[in-house]
Amino acid sequence: MATFLKSLLAAAIGVALGLTATWLAVERGYGFGAVSSGPWTGWPKTGSDGADPYARAVLARTGEVPLGLAEGLSFTARTDEAGAKLDPTCDYIVTGPIPPARYWTLTALTPRGLVIDNSAGRTGITSAEIVRAMDGTFAITLSRQARAGNWLPLGNTSDFVLLLRLYDTPLSSASSSIGATPMPRLRKERCA
Amino acid sequence: MRSLTNLRETLIGNSPWIAGTIIVAGIVHITSILAMPYLAPKDAFARLEQAAPLNRITVLPQPSSASALMPFEDPATVVAVCRYDLNQAPLRMRGPLSGDGLLLFSFHNRFGTTFYSMTDKGALRGRLDVLVLNQTQLEAVEAFDPEDELPQELRLLSPTQRGFVIVRSLAPEPGSRPQARARIGQIACEAEGNRRD
């Protein structure tokens, strides 16, 4: 009887542990093959048939369709460059360099990937819209309040993530070099 | 000290049970990860099946703060889908690619995995001409190929009978959405004429 109860208990705990591990794995990132540079993390392989089982599981659950390897690369930032979680009550400044790409876009989304409403009706900023200084550099300000220059509004949300998409970039074919490529800085300014 | 020794003895005494628990946990974890693409009720394929007919290019609604057909899409893009079912017919995609705007194409199997992707720059001679088919259909098409020239179209072998193609068109400025949409409007998806299987 004791043996029966013990095996039942072992099985129950095993199932619970296994499912918890699965839950944690699909809630955090897209499996293996992450490439990081500063606060930016990308999973280039999710957009190819080399996607690992974890990536496939995550995509099946969320229903998202990642950028294909030949279409471009997408990077997510959940923290600023100092490692603090992004907070929509603060102002942030994004400064170059941005890796070479035919176009790039910077978008603020909820952690679940939804658009954030804001009074300005702007959800992102693209390489074609950016206003550059005389020397070619630029700075993008993320803030709830209107800002001069390149302003990416942060709407009414408790949480947000930043997505940097590099469309048609020469980086796609050499994912090993991504870690070494300079990525934009993401600095926290003052908080409300 | 005494309780620590007790704990050690309990652990050693139950080590087969602990090992068994870990093995069960490992099996459950691996099985559930591998099974998820087959069991997930709301994967991209299921969402798109509701939203778009077969063999037609359909522009998807723009994501809002309340809902998005697919999460994490770039709000600066216009997104369209062509669904196919090779049990019925191969999928033909055609259209001009002028190169003055960014168009992205990704080909996905039944489980959402990308089996091919390209941009408008990757097109042959400024035109998009793609045939998505299965092995039997590919052999049938190749049987009719003239021996001395290369095919004029890009032939993609789909790993599953059903799947979908995502077309994204970038609107680099807020005002250029109509042009981005017009570029998608020039792309046609259709069932390839006579059934080949």
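The values are calculated or read from the model by the stated rules, or taken from the named source; none is laboratory data. What you see is a predicted model, and the numbers here were worked out from it, not measured in a lab. Backbone-built Cβ (ideal geometry, glycine too); neighbour counts: all protein chains shown. Side chains included, ligands, DNA and RNA excluded: accessible areas come from the protein's heavy atoms. Shrake-Rupley method; radii C 1.70, N 1.55, O 1.52, S 1.80 Å.
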Q. Pairing the Cα long axis of helix B:15-39 with the longest principal axis of chain B, what angle in degrees results, from 0 to 90 and rounded to the nearest 10?
A. 20
Q: Mind checking which aspartates and glutamates have their Cα closer than 14 Å to the Cα of A:Lys45? Skip sequence neighbours fewer than 8 apart in that chain.
A: A:Glu71
Q. Taking each residue of A:21-30 in turn, how many C-beta atoms of other protein chains fall within 10 Å of its C-beta, and what is the average?
A. 3
Q) Which residues of region A:64-79 bury at least 30 Å² of accessible area once all protein chains are present, versus their chain alone (1.4 Å probe)? A) A:Glu64, A:Val65, A:Ala70, A:Glu71
Q: Give the carbon-plus-sulfur fraction of the accessible surface of chain A in %, rounded to a whole number; probe 1.4 Å, heavy atoms of protein chains only.
A: 59
Q | Of all accessible heavy-atom area on chain B, the percent that carbon and sulfur account for (1.4 Å) | A | 57
**Q.** Accessible solvent surface per residue of chain B, calculated while the other protein chains remain in place, 1.4 angstrom probe, Å²
**A.** 51
Q.
If I ignore ligands, DNA and RNA and count only protein heavy atoms, how much of B:Tyr116 is accessible to a 1.4 Å probe, in Å² to the nearest 10?
A. 80
Q.
Over region B:107-161, what is the relative contact order in percent, taking alpha-carbon pairs closer than 8 angstrom and at least six residues apart?
A. 45
Q | For region A:119-138, residues shielded by at least 50 square angstrom of accessible area compared with the chain on its own, probe 1.4 Å | A | none
Q: Using 0.36 nm per residue of separation minus the Cα-Cα distance, give me the extension gain between B:Arg177 and B:Arg56 in nm, one decimal.
A: 41.5 nm
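Counting only other chains, what is the mean number of Cβ atoms within 10 angstrom of the Cβ of each residue in peptide B:12-25?
So the per-residue partner count for this stretch is 4.
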Q: For helix A:2-27, report the angle its Cα long axis makes with the longest principal axis of the Cα atoms of chain A; keep it between 0 and 90° and round to the nearest 10°.
A: 10
Q.
To test your reading of the geometry: what angle, between 0 and 90 degrees and rounded to tens, separates the Cα axis of helix A:53-62 from the longest principal axis of chain A?
A. 70
Q: Provide the descending list of Cα extents for the protein assembly as shown along its principal axes, expressed in whole angstroms.
A: 80, 63, 38
Q | Per-residue average of Cβ from other chains inside 10 Å of B:27-40 | A | 6
